[in-house]
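Where a number appears in this text, it was derived from the coordinates with a stated rule and is not lab data. What you see is a predicted model; the values in this text were computed from it and never measured. Here Cβ is always computed from backbone atoms with ideal geometry, including for glycine, and neighbour counts include all displayed protein chains.
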Amino acid sequence: METKLLTVSHSPHIHQVQSIPRIMYDVVIALLPALIFSVYVFGLGALMVTLAAVLSSLFFEYVIAKYIIKRKPDILDGSAIITGILLAFNVPSNLPIWIVVIGSFVAIGIGKMSFGGLGNNPFNPALVGRVFLLISFPVQMTTWPVPFQDRMSFADTVTGATPLSIIKEGIKNGESMTSLMKQIPSYTEFLIGSQAGSLGEISAFLLILGFLYLVYRKVITWHIPVTIIATMFIFSGILWLGNPEQNMDPIFHILTGGAMLGAIYMATDYVTSPMSIRGMYIYSVGIGVITILIRVFGAYPEGVSFAILILNAFVPLINKYVKPISFGEKVKNG
Amino acid sequence: MFIFNGLKTFSKGGIHPEENKLSADQPIQILPLPGSVSIPISQHIGTPAVPVVERGEQVKTGQVIAKTGGFVSANIHASISGKIAKISDEMDSSGYRRMAIMIRADKEEQWLDGIDNSGKLITGIPYSRDEILQKILNGGIVGMGGATFPSHIKLNIPKGKKADVLIINGVECEPYLTADHRLMIEKPEELIVGIRILMIALGVDKAILGIENNKPDAIEKISSLAGKEKGIQVVPLKVQYPQGGEKQLIKALIDREVPSGKLPIDVGTVVHNVGTTYAVYEAVLKNKPLIERIVTVTGKSVKNPGNFLTRIGSPVNALIEAAGGLPENTGKVISGGPMMGKALNDLDIPVTKGTSGILILDEKEAHRKASKVCIRCTKCVQVCPMGLEPFYLQNMTMRGNFDEIEANRILDCIECGSCSYICPSNRELLDYIRLGKSTVTNLIRERQRV
């Protein structure tokens, strides 16, 4: 006993069990229902695109870490898997695999590893990849397979437009809102997810289910998703009340075009969102407002990705100027 | 104040680690008198006491062996009777060698005259405020929750300030520790008298005792007694660490926020721990100085976790033996709780006035996981009870940007460890913040000198 050496270290001497991999795999679990549903709706293509995105993301992360940055690759921490899944969730399920691989390269190589890897990237990597693809391959990125059609084939599927683009085109062509409403699925179908759209954005219900799981597992807090959705709802509601013939109602806006996917899984990315609760509110309101501005006044039918990337850029500024109010800083007693 | 499920708690941050109160049902046992004790002259915050005995001198239990060395200081008493064997520098829980007085025990213990060591309850308080303060000063009473600030100074309210309520801390929010819990169950009558003494000393007619809701037996016992007393209120609190922090407890109980850099008296209150309250009772009504305290010996690998009434200066080894010996696979021995306790490098060091527990962790629990990159998850910001940004303070300390950490209130940090506890990347947040704090403190001192 005399020779036994004791460990000496500073307090605290106990530690909670939540680690980076546990957090990351919780996110993967939260995304699984939406993925399975997407395979059910779009068929094998959805599975192929997701697998390609995940595997190529892992590959690029490994290769860049090992041969370019020259440090021990830690690809199993789960973060590259999430980037891959989220990239796949943001593209059509019939996107050619080589385009998916380019997307992964841009997401991991440029969006993440060029800044030093996990924890250092200013922009959400999956969105960097997605926006790069949208600008480089506009045709492939906006050719949407129709749900429940050709589920076993991959390349030549029947294609259609997303609800947001139907409305946007229609209004540009001077069609009335009442006639346009007839061309899009009902809101219940949006909630379940049987409209055309990106691979993982279609089922609002399953995405919300994943959100509840993440909040329950204390991976994320409610602040960012709820504030974004509320801002979108209020802002689009005001526009709708002002001119119901030109603008869609707020429920339509929050159920379509990846609003849920973006608010719950992309805007909440730890690395690229603010560090204080007050900062999160500012960031989320910004995303909500810009999303609606792009959707209603911009050239693209949908704007969540751009809005998140724009606000990502403001995060360092928000962190610098919006600090939490410390205990005893502003005291009003009695 | 923040109400959750009808229970009060503090409003900012906080965590809830596994409670592991293994020894909660173990009655207080008396640790056999050790063959010798080593009593450090500095067991409190402030100036060390000055020895007033010499080598070879015979002392009785309760006799003063070192007197206050300044304004912020406390008397030290012989915790056993016997011969002063040596006065030399010995290792204590700080890891440094500091002066300690060693007493070798007599065959038969001899108490100093006038000390009432019987268990008889005394309820009458025939003393004035000044007499009480003098007895607390003589008794060498210090804060026994861990901070060991001399109690008579806390009760000596500066001119121009006034307290209107006394707060008693029965929270014991550290996991594993049960010393205060057992005290509240086994000595409730004495505690009530102690609270009344402190109320007189402070000149207040109201006292609130806060107890976390994981100690329902203690809440019930003291509530039924307090119901008969005027002005003493028992408030159950939601279990949340670090509720035993002075500022957090004040916020939870009376919804006042101590401003940055100020003391509880600035918001009209003074906080004392239940252990201190009991020591005050003994010092004032039984003339018994602070020569023993309750120490929890605990840990998942410990054979018989328990609560021991221990003489100050007893070696930690003796306590561990009493709880079934040191387990084979021991990795770490901690003086105090797992959140704020100190890891010991030597088990011969003495129990002091601030030793609330001895916690033994096995090799696996003692192992600290490797630190990874910050993923900016904001968890440290969310749990910080002081509303600071631990990740940022660490980062700026690493870069040596001390102006920035000072401006970001690093000195408000209470070192509760919630940030390091919660960090999924196992980052050394508090380690760096401590470094930053001490550097900033030194820089401020230098600035004032200029």
For the stretch B:81-174, which chymotrypsin sites (Phe, Trp or Tyr not before Pro) are both in a DSSP coil and crowded by at most 14 other Cβ atoms within 10 Å? B:TYR96
Only Lys, Arg, Asp and Glu count, each charged at its Cβ (+1, +1, -1, -1), so figure out the dipole size of the stretch B:379-449 about its Cα centre, rounded to 20 debye. 100
Kirkwood estimate for the stretch B:223-337, i.e. one over the average of 1/r between Cα atoms, Å: 17.6
Between B:ALA85, B:ALA49, B:ALA366, where does the largest GNM mean-square fluctuation fall for chain B, given springs only between Cα atoms within less than 10 Å? B:ALA366
Expressed in whole Å with the largest first, what are the equivalent ellipsoid semi-axes of chain A derived from the C-alpha gyration tensor as the square root of 5 times each eigenvalue? 36, 27, 17
Could you grab the relative contact order for chain B? Cα pairs under 8 Å, six or more apart, rounded to a whole percent. 19
With θ set to phi - 60° and the Karplus curve 6.51 cos²θ - 1.76 cosθ + 1.60, what are the ³J(HN,Hα) couplings of the stretch A:180-187 in order, to the nearest whole Hz, using x for Gly and Pro? 5, 4, 6, 7, 10, x, 6, 5
Charge tally in the Cβ shell below 11 Å around B:ILE422, where Lys, Arg are +1 and Asp, Glu are -1, B:ILE422 excluded: +3
Which far-off residues, 5 or more places away or on another chain, put their amide H under 5 Å from the one on B:GLU90, with H placed in the peptide plane? B:ARG98, B:MET99, B:ALA100
The set of residues whose placed amide H lies less than 5 Å from the amide H of B:LEU344, leaving out same-chain residues fewer than 5 positions away, is B:VAL333, B:ILE334, B:SER335
Percent relative contact order of chain A, based on C-alpha pairs within less than 8 angstrom and at least six residues apart? 17
Once the Cα atoms of the stretch A:165-321 are picked out, what are the Rg and Dmax in Å? 15.7, 49
Under the Karplus relation with 6.51, -1.76 and 1.60 and θ = phi - 60°, whole-Hz ³J(HN,Hα) for the stretch B:283-297, x at Gly and Pro, equal 5, 7, 9, 10, 6, 9, x, 6, 10, 8, 8, 8, 10, 7, 10
Roughly how many debye, to the nearest 20, is the charge dipole of the stretch B:116-285 about its Cα centre, given +1 on each Lys and Arg Cβ, -1 on each Asp and Glu Cβ, and no other charges? 440
Using a cut-off of 13 Å between beta-carbons, work out the net charge of the residues near B:CYS384 (Lys and Arg +1, Asp and Glu -1, B:CYS384 not included). +1
With a cut-off of at most 12 other beta carbons within 10 Å, and DSSP calling the residue loop, which GluC sites (Glu not before Pro) in the stretch A:166-274 qualify? Please list them. A:GLU245
Which aspartates and glutamates, if any, have their Cα less than 20 Å from the Cα of B:LYS228, not counting same-chain residues under 8 positions apart? B:GLU186, B:GLU189, B:GLU190, B:ASP205, B:ASP217, B:GLU220
Amide H contacts under 5 Å for B:LEU209, restricted to residues at least 5 apart in sequence or on another chain and with H modeled in the peptide plane, are B:ILE168, B:GLN233, B:VAL234, B:VAL235
List the pairs from B:LYS12/B:LYS369; B:LYS12/B:LYS251; B:LYS332/B:LYS364; B:LYS67/B:LYS262; B:LYS187/B:LYS247; A:LYS218/A:LYS320 whose alpha-carbon separation is above 18 Å, in the order I gave them. B:LYS12/B:LYS369; B:LYS67/B:LYS262; B:LYS187/B:LYS247; A:LYS218/A:LYS320
Over chain A, with a Gaussian network built from C-alpha contacts below 10 Å, which listed residue (A:GLY258, A:GLY242, A:GLY286) shows the highest mean-square fluctuation? A:GLY242
For a bin width of 10 Å, list the pair-distance distribution of the stretch A:20-141 built from all Cα-Cα distances, rounded to whole %. 15, 47, 32, 6, 0
Per-residue ³J(HN,Hα) for the stretch B:194-205, Karplus 6.51 cos²θ - 1.76 cosθ + 1.60, θ = phi - 60°, Hz, x for Gly and Pro: x, 5, 5, 4, 5, 5, 5, 4, 8, x, 10, 10
Using only alpha carbons, build the gyration tensor for chain B and give me the equivalent ellipsoid semi-axes, biggest first, whole Å. 33, 27, 23
Have a look at B:VAL72, A:LEU95, B:ASN287 and report the one farthest towards the positive end of the charge dipole of the protein assembly as shown, computed about the Cα centre with Cβ charges (Lys/Arg +1, Asp/Glu -1). B:VAL72
Rounded if a/c is under 1.5, else prolate if a/b is larger than b/c, else oblate: which is the protein assembly as shown, with a ≥ b ≥ c the root eigenvalues of its Cα gyration tensor? prolate
Grab the other residues whose beta carbon is less than 13 angstrom from that of A:PRO274, score K and R as +1, D and E as -1, and report the net. +2
Using the Kirkwood formula on alpha carbons, the hydrodynamic radius of the stretch A:256-334 in angstrom works out to 13.6
Looking at chain A as a GNM with Cα springs under 10 Å, which of A:GLY279, A:GLY170, A:GLY45 has the largest mean-square fluctuation? A:GLY170
Taking the Cα centre as origin and putting +1 on Lys and Arg beta-carbons and -1 on Asp and Glu beta-carbons, what dipole magnitude results for the protein assembly as shown, to the nearest 20 debye? 1300
DSSP bridge pairs, the protein assembly as shown: antiparallel proportion in percent, nearest 5: 65
Label-point separation, A:TRP222 to B:LEU225 (7 Å along Cα→Cβ), nm: 4.3
